[in-house]
1. Given the criterion among the charged types (D, E, K, R), under 27 Å from the mean Cα position of the chain (by Cα) and closer than 19 Å to Val240 by Cβ, identify the matching residue among Asp87, Asp48, Asp115.
2. Against the definition (under 15 Å from Val215 (Cβ atoms), loosely packed, with under 13 Cβ neighbours inside 10 Å and either acidic (Asp, Glu) or modelled with pLDDT of 95 or more (or both)), how does Glu181 come out, yes or no?
3. For segment 206-222, which positions are among the β-branched types (Val, Ile, Thr) and over 13 Å from Cys153 (Cβ atoms)?
4. Given the condition modelled with pLDDT under 95, closer than 30 Å to Arg104 by Cβ and in a loop (DSSP other than H, G, I, E, B), answer yes or no: does some residue in segment 208-224 qualify?
5. Looking at segment 31-51 only, could you name the residues that are under 14 Å from Glu118 (Cα atoms) and without any contact (Cβ under 8 Å) to a residue 24 or more places away in the chain?
6. Go through segment 99-207 and tell me which strands (runs of 3 or more DSSP E), entirely inside it, have 1 or more residues that are among the charged types (D, E, K, R) and within 30 Å of Ile29 (Cα to Cα).
7. Within segment 86-98, how many residues turn out to be assigned to a loop (DSSP other than H, G, I, E, B) and touching a helix residue (DSSP H, G or I) at 6+ places or on another chain (Cβ under 8 Å)?
8. What single numbered condition from (1) touching a strand residue (DSSP E or B) at 6+ places or on another chain (Cβ under 8 Å); (2) without any contact (Cβ under 8 Å) to a residue 40 or more places away in the chain fails to hold for Lys137?
Amino acid sequence: MDIQNHNNSTIRPGQRESYQQEAFQSLEIALKCDSVGSLEAVTPLVRDAANPWVKIDVIHSGVGLISKLDLEMALTGSRLVIGFNVDTMPQVEHISREKGIEVRIYNVIYQLANDLREIASRLVPQEEEEEITGEAKVIALFKSSRGGIILGCEVVKGTLSLGDNFRVISAMGPKYTGKIESLHIEKDAVKEAKKGQQAGLKISNFKDVKIGDLVECFEVKKQRLWRNWHPKGGVFQYKV
């Protein structure tokens, strides 16, 4: 069933999901203004407060006092109601606190847009940060009696350590990523190999390695993690 907004725009099932896939994350709000003219002016500014990672969707909009219906619509999205030059009906304060819906009321468009931009920025994912901990050059290749191949490596920078993330890099770029599960110097199993040492590194499920390829060990300092914006239940006035 389609959901009809007060401004006669229609949101169809699945439409919000497709937006989210394109923008990775979506902030879905209900918007109320004091007049049709205000609504037409505020709506594009609200959408422009988005960023490359986060899309802002107006899932419900209208003119007049913020009502119980607006809160019900906000519950289908991000539980955020934005009001411009409007007030609330008496029951809105109680319901918004009870349901955890944040109602923000403004009388300056610039501040409204800036605050939405700040909320959207909280949803931007943290980027991965990598630290290169060791590099080695493949100087020999051996078949393993237990399957797979052993890379004979000379460490040229840092250390190779058991359990490290590593990638094999050719002249064309990275072609394999895994973890160091076994490491040997001569016939001895070791926990690490330092700069200047030669060590054997086994790969069991990849064979397209050539002499001269680079083995690069790295540590992920920060995982890419979506942060959530949590609405505060209640009505909040941001009037100048």
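1. Values: Asp87 fails: under 27 Å from the mean Cα position of the chain (by Cα); Asp48 fails: closer than 19 Å to Val240 by Cβ.
Testing whether each residue is among the charged types (D, E, K, R), under 27 Å from the mean Cα position of the chain (by Cα) and closer than 19 Å to Val240 by Cβ leaves just Asp115.
2. Spelling it out, Glu181 is indeed under 15 Å from Val215 (Cβ atoms), loosely packed, with under 13 Cβ neighbours inside 10 Å and either acidic (Asp, Glu) or modelled with pLDDT of 95 or more (or both).
3. If the condition is that a residue be among the β-branched types (Val, Ile, Thr) and over 13 Å from Cys153 (Cβ atoms), then Val220 is the only one that fits.
4. yes
5. Arg47
6. 102-106
7. Filtering segment 86-98 down to residues assigned to a loop (DSSP other than H, G, I, E, B) leaves 86-87, 89-91.
Narrowing the set further to residues that are touching a helix residue (DSSP H, G or I) at 6+ places or on another chain (Cβ under 8 Å) leaves 89, 91.
So the count comes out to 2.
8. (2)
The values are calculated or read from the model by the stated rules, or taken from the named source; none is laboratory data. A quick note: this is a predicted structure, and the numbers were derived from the prediction, not measured. For neighbour counting, all protein chains shown are included, and Cβ atoms are generated from backbone atoms with ideal geometry for every residue, glycine included.
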